[in-house]
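Everything on this sheet refers to the single structure shown next.
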Amino acid sequence: MAKHNCSPSSVRESLELLSKNWSIDPQIYDLQLGKRNDVYDTSLRVDRVTFHIPTLSRENLFVLWKCLWPDCHNCCDRQGRLPLTMDDIHVITRKMGYTLQSDFLKNEARISSWNENDEKGNVSNLFSMLSLKRKQDESEDEDGTPVSCRFLTQDGACELHPEKPGVCWLYPFASWINIENNLPVVHATFQFTGDCPGFYLSDSLDQIMPVLEEYSKTIYKYNMAVRRTVRNSYGLINFVSSTPS
Ligand code: SF4
Ligand code: SF4
């Protein structure tokens, strides 16, 4: 799911903010600004998800990631939207002390809509889903803009954890489903919003393999939960057929 809108100017703004507290590798900085023209995709199937790892051909280096929490909680401080699956709605209704799901949705959720891009930047899916408000008075025009999430505590923890929305377990991966040979296939890549200091370069994929193995399960489960949500009319996805390369 999109973390927030990623126009070049918003990514630049996010990176400038991030650089005040973190040292960002200049190659990764340029990559996120779209200034590298030598990036190719290394595809890697891990369990039931195909990961697309950006690779810098000049240096022959992979762009990898590890989470720096608890030293960092920037993704919660600059949260773009929190789409809810049916599973999320069930557990967060209870977690927030509501008896009726309808009351939870009326008070705590709103509808958001956005596009998902594939690894080449083509629009792959168009979404419309109920989303958890990141602040109590969240308005429609704030959808996709970075807001500090109301569930983030002073010490960088999440008040909803471990019942936080499924999408919170995915960042900084973006994932999507392509219909290939009439079957849904889950893909994932990094979303470069400029908010995450956890990216690094390496000449080997070894270090990230345990991360991909863990996230493969989470990403697959999440995408199936989104499909169930749409099937039950709690959301809408328009699949856009893949553009031939
Ligand atoms: S911004 Fe990146 S490093 Fe920081 S907590 Fe989020 S995922 Fe982890
Ligand atoms: S719900 Fe929790 S994990 Fe998700 S953005 Fe808010 S504070 Fe972060």
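Since every read-out is calculated from the coordinates, none of them should be taken as a lab result. What you are looking at is a predicted structure, and each value in this text was computed from that prediction instead of being measured. Every residue, glycine as well, gets a Cβ built from its backbone with ideal geometry; the counts of neighbours run over all protein chains shown.
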Largest fluctuation, Ser23, Ser148, Ser112 only, Gaussian network model of the chain with Cα springs under 10 angstrom, belongs to Ser23
Distance between modelled label sites at Asn37 and Trp22, nm, 7 Å Cα→Cβ extension
2.9
Considering only Ile53, Ile179, Ile89, give the residue with the highest GNM mean-square fluctuation for the chain, with springs between Cα atoms whenever their separation is below 10 Å.
Ile179
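Could you tell me whether segment 148-202 comes out rounded, prolate or oblate from its Cα gyration tensor? Rule is a ≥ b ≥ c as square roots of the eigenvalues, rounded for a/c under 1.5, then prolate if a/b exceeds b/c, otherwise oblate. Mind showing how you got there, number by number?
Numbers: a/c = 3.43, a/b = 1.61, b/c = 2.13.
It is oblate, given that a/c is not under 1.5 and a/b is not larger than b/c.
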Of Gln191, Cys67, Leu170, whose Cα points farthest to the positive end of the dipole of the chain (charges on the beta-carbon: +1 Lys, Arg; -1 Asp, Glu; origin at the Cα centre)?
Leu170
What is the set of long-range amide H partners of Val46 at a cut-off below 5 Å, with H atoms built 1.01 Å from backbone N?
Phe51
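In whole Å, what three semi-axes, largest first, describe the equivalent ellipsoid of segment 8-239 built from its Cα gyration tensor (square root of 5 times each eigenvalue)?
On the way: eigenvalues 169, 94, 52 Å².
Working through the eigenvalues yields semi-axes of 29, 22, 16 Å.
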Projected onto the charge dipole of the chain (+1 at Lys/Arg Cβ, -1 at Asp/Glu Cβ, origin at the Cα centre), which of Leu212, Leu44, Phe127 gives the Cα projection farthest towards the positive end?
Phe127
Given springs between every Cα pair under 10 Å in a Gaussian network model of the chain, which of Ser175, Ser102, Ser131 has the largest fluctuation?
Ser102
Using R₀ = 35 Å, calculate the FRET efficiency as 1/(1 + (r/R₀)^6) where r is the Cβ-Cβ separation of Ser202 and Ser128; round to 0.05.
0.40
Let's test the formula: R0 of 41 Å, r as the Cβ-Cβ distance of Leu236 and Arg12. What FRET efficiency results, to the nearest 0.05?
0.80
Let me know the charge dipole size of segment 48-199 about its Cα centre in debye, to the nearest 20, where only the beta-carbon of Lys, Arg (+1) and Asp, Glu (-1) is charged.
200
Which distance in nm do the two modelled labels at Thr99 and Val185 give, with both placed 7 Å along the Cα-to-Cβ direction?
5.0
Order by neighbour count: Thr153, Thr229, fewest other Cβ atoms within 10 Å first, most last.
Thr153, Thr229
